[in-house]
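Laboratory data are not the source of any read-out in this text; all were calculated from the coordinates shown. Everything numeric here is computed off the predicted structure, so don't read it as measured data. Reconstructed Cβ throughout: ideal geometry from the backbone, glycine too, with neighbour counts over all protein chains shown.
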Amino acid sequence: MRHTLNDIVIVGAGMAGLHAAEALRGNGFDGRITLIGDEPHRPYSRPPLSKEALTGIGMGAAEDGPGPAPLAGHRALRLRDDDAVDALGLDLRLGRRATGLDTRRRRVTLTGTGGTAEEVGYDGLIVASGARARRPDTGLDGVHVLRTLDDAEAVRAALAPGGHAVVVGAGFVGAEVAASARAVGMEVTLVEAAATPLTRVVDPRIGRVLTDLHRENGVDVRLGAGVTGFEGHRRVERVRLADGTTIEASLVVAGVGVHLNTEWLRGSGVDLLADGSVACDEYAAASVPDVYAAGDLANWPHPRYGGRIRLEHWTNASEQAEAAARNLLAGRGRTPFAPVPYFWSDQYGMKVQLLGQGAPADRVAFVHGRPEDRKFVAFLGRGGLLTGILGLRSTPRTMRYRPLLERPTPWEEALAAAGGGR
């Protein structure tokens, strides 16, 4: 017999957590919702942290006055106004970290900043505790990561025209930080251990175009270059590479992956995979009753990509949270979660958009525009099917082809839909 849902706990007060709460209310749940977040801030938007929050472009003044102010005061970073969050009637537990889960007693253990532990009971649980940035092994000042609002505050304070920023890791966050540092007048070196940027996200043929984009904007791109250490007296002064060379640096920002915030689930009966992600089924349900997961840490089988996937995308966090909330309430009337993954990035005033999966790919076709013009739509395929669409400065055309990824579309059929490709 199913447990009656009167109290639902959401662990994680970011994009996924807030959307889960909104979806619960939107689907008629009028019981108690406890929203737990380890940061002291109300839910905020992470994508601007590596862009507008660093440069100030498009941010406007903080609501409490002109001039530089704490980023937490900027409406541009808020996911919702306070009134909208308050209207949800949530029991907000901010500045508290989940440290344990007892699925037999249905209790989440929390620890606050003072170290005091407490328990919160639940009938249903949505795990949306996300991830934290992987930090370089150094105690030198001036070496940063960029994941939270507080991280962005620290990086913003360190950006200085005429300084030299070294960005370690050419993923989307690293690429955006490099572009932001150039926008404020810094010299920038972008260091990536792989042969092309974004190797886990896009085919190398696309990665090479993005490399050229950085170089055209004055970034010194070092590919196939591993970082072995950081040098300096108290504060970073140089970055040491595997080949023995060093790069002068007044600021370092490392974007070298994440740790999933799932340690608190160990021993609870919730199945975790080797990378620490939560093993979900096609409904976003975990391995124990009435526990669902959403966002960066959820790993589930996707019917169109030949196995399990895990996505660290803003759009996925919101869509999967809504699906998890809906399915938690639905009981037997659940629906599988099978979205078209979507991600975007803004660099040097250009928008990069990716639908579906960009890698691995055994076929790439530029169906509109040309890479050399820095304006194109590219189709990416694998195993005779269209698997991804990437656009640069081509938003309407890119989004036009989204329906092709909502079903298994043969490669030749996709090319015909785009007019034959090139």
Give me the percent relative contact order of segment 136-256, please, defined on Cα pairs under 8 angstrom at least 6 residues apart. 34 percent
Note, Arg235: beta-carbon cut-off 14 Å, +1 each Lys/Arg, -1 each Asp/Glu, net -2
Using only alpha-carbon positions, what ratio does the radius of gyration of segment 146-270 give when scaled by 2.2 N^0.38 Å? 1.15
Mean Cβ count within 10 Å, highest first, over the residues of peptides 140-150, 160-170, 408-418: 160-170, 140-150, 408-418
Calculate for the chain the 222 nm mean residue ellipticity that helices alone would give, adding -39,500 (n - 2.57) per DSSP H run of length 4 or more and normalising by residue count, nearest 500 deg cm²/dmol. -6000 deg cm²/dmol
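Give me the net charge of Val201's neighbourhood, meaning all other residues with Cβ under 15 Å from the Cβ of Val201; Lys, Arg count +1, Asp, Glu -1. Before the final figure, lay out each step's value.
Details: positive: Arg200, Arg205, Arg208, Arg310, Arg382; negative: Glu176, Glu192, Asp203, Asp296, Glu312.
Summing Lys/Arg as +1 and Asp/Glu as -1 gives 0.
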For segment 79-91, just list the computed ³J(HN,Hα) in residue order, Karplus coefficients 6.51, -1.76 and 1.60, θ = phi - 60°, integers in Hz, with x standing in for Gly and Pro. 6, 9, 5, 4, 4, 5, 5, 4, 5, 6, x, 8, 8
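To the nearest 0.05, how large is the calculated FRET efficiency for Arg235 and Asp30 if R₀ is 60 Å and r is the Cβ-Cβ distance? Intermediate values should be presented prior to the final figure.
Details: r = 54 Å, r/R0 = 0.89.
Efficiency for this residue pair is about 0.65.
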Who wins for biggest fluctuation among Ala87, Ala225, Ala21 in a Gaussian network model of the chain, springs between alpha carbons below 10 Å? Ala87
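Using Cα pairs under 8 angstrom and six or more residues apart, how large is the relative contact order of the chain, in percent? Please report the intermediate quantities before stating the final value.
Values: 950 pairs, mean separation 60.1, N = 422.
This gives 14 percent for the chain.
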Which whole-number percent gives the relative contact order of segment 349-417, counting Cα pairs below 8 Å spaced six or more residues apart? 31 percent
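What shape does segment 95-221 have by the C-alpha gyration tensor, where a ≥ b ≥ c are the square roots of the eigenvalues, rounded means a/c under 1.5, and otherwise prolate means a/b greater than b/c and oblate the rest? Spell out each step's value before the answer.
Details: a/c = 3.47, a/b = 1.95, b/c = 1.78.
In terms of gyration-tensor shape, prolate.
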Which residue, Gly130, Gly333, Gly174, has the most motion in a Gaussian network model of the chain that connects Cα atoms within less than 10 Å? Gly333
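Can you work out D for segment 349-417 in µm² s⁻¹ from Stokes-Einstein, where Rh is the Kirkwood radius over C-alpha pairs, the temperature is 10 °C and the viscosity is 1.306 mPa s? Kindly include the intermediate steps, with their values, before the conclusion.
Working: Rh = 11.8 Å.
Estimated via Stokes-Einstein, D reaches 135 µm²/s.
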Taking every DSSP beta bridge with both residues inside the chain, roughly what % is antiparallel (nearest 5)? 60 percent
